[in-house]
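Data first, discussion second: the structure below is written as C-alpha cells.
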C-alpha cells in the first residue's frame, strides 16, 4: 500500500473502487487500522472511490513528535486530501474517526459532501478515565486491554458466532503501537465538541449501537439533536457496528449517500 508524508508522519493509505467516482473516505477507531472497513468495501466500491488510511500512530502510520490533539488528527485528513488532489469527499468515521468527522464538519465543511458519524460522541468519558487507561498501557502494554475490550467492541453472541472475525479484531488491537494508542488517548481525553455541533451544516447521518457501552445510543441521539437535520439509525450491535452488523451498516451508509 502507498504512503505519504503528512504533517511529520508517514501515513499509509489505500484506494478501492474505480477512479472518477465520488470519494468516500473512512476513518477508523482507536486501536484499529484501515482493515476494519473491509466489510464495507465490496458493496460501496460499486458506487464510490473509497479512501482508507491509518491514523497517526496506528497500523503502519508513524507517530510524529509532539502532542496529539483532535486538531492534529483533523488536519491530517485535510493534508491527505490535499496531497491526493481531492477537493471534496464524503466522510465516514467510527468512534475516534467520528470525532474527527465532527471536527471536519465544524472547521472544514467546504471539504465535505456528506458526513457519517458512527458509534461516536462529542465528548468521550472523563479525563481521569483516560489517564487511568494511559497508565495501564504504559505499564502493561496493549495486551493489558484484553479481554475487556473485545466485550466492549462486539457482543457476546457475535463473539460466539464469528470467532474468526473476532480473532482478526483481537490481532488488530494487539498490533497497534502502544505509543500511538497512548497519543490518541491523550487526544480523546481533551475532546469536547458539544458547543460547536450546531455549526455542522453538511448532511449528516448518525449511526449508534444499541449495546454500545463505549458510546451509548444516548450519545448518538444527542448528536442527532444538536446537528441540524441529522438522521439517526440505531443498530443491534456493540461498538464496532460496521463489523458486527456489516450488512445493515453498509446499507444505511449507501442509502444515505445515494439519496
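Computed from the coordinates by the stated procedures, all read-outs in this text should not be read as laboratory data. This is a predicted model, so every value here is computed, not measured. Quick reminder, even Gly has a Cβ in these numbers, built from the backbone with ideal geometry, and neighbours come from all protein chains shown.
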Condition broken by residue 176, with the remaining ones in (1) touching a strand residue (DSSP E or B) at 6+ places or on another chain (Cβ under 9 Å); (2) part of a loop (DSSP other than H, G, I, E, B) satisfied: (1)
Just one listed residue, out of 182, 206, is over 17 Å from residue 91 (Cα atoms) and in contact with a helix residue (DSSP H, G or I) (Cβ under 6 Å, 6 or more places away or on another chain), and it is 182
Out of (1) closer than 21 Å to residue 170 by Cα; (2) surrounded by 15 or more Cβ atoms within 10 Å (Cβ to Cβ), what's the single condition that is false for residue 78? (1)
Mind checking which residues of region 1-21 are touching a helix residue (DSSP H, G or I) at 6+ places or on another chain (Cβ under 8 Å) and surrounded by fewer than 21 Cβ atoms within 10 Å (Cβ to Cβ)? 4, 7, 12, 13, 14, 16, 17
Restricting region 102-128 to residues that are part of a helix (DSSP H, G or I), touching a residue at least 60 places away in the same chain (Cβ under 8 Å) and surrounded by fewer than 20 Cβ atoms within 10 Å (Cβ to Cβ), which is farthest from the chain's Cα centre (by Cα)? 127
So, in region 204-246, of the ones that are in a helix (DSSP H, G or I) and more than 16 Å from the chain's Cα centre (by Cα), which residue ends up surrounded by the fewest Cβ atoms within 10 Å (Cβ to Cβ)? 218
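Okay, residues lined up against (1) in a loop (DSSP other than H, G, I, E, B); (2) touching a residue at least 60 places away in the same chain (Cβ under 8 Å); (3) in contact with a strand residue (DSSP E or B) (Cβ under 9 Å, 6 or more places away or on another chain):
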residue	(1), (2), (3)
41	no, no, yes
47	yes, yes, yes
59	yes, yes, yes
79	no, yes, yes
91	no, yes, yes
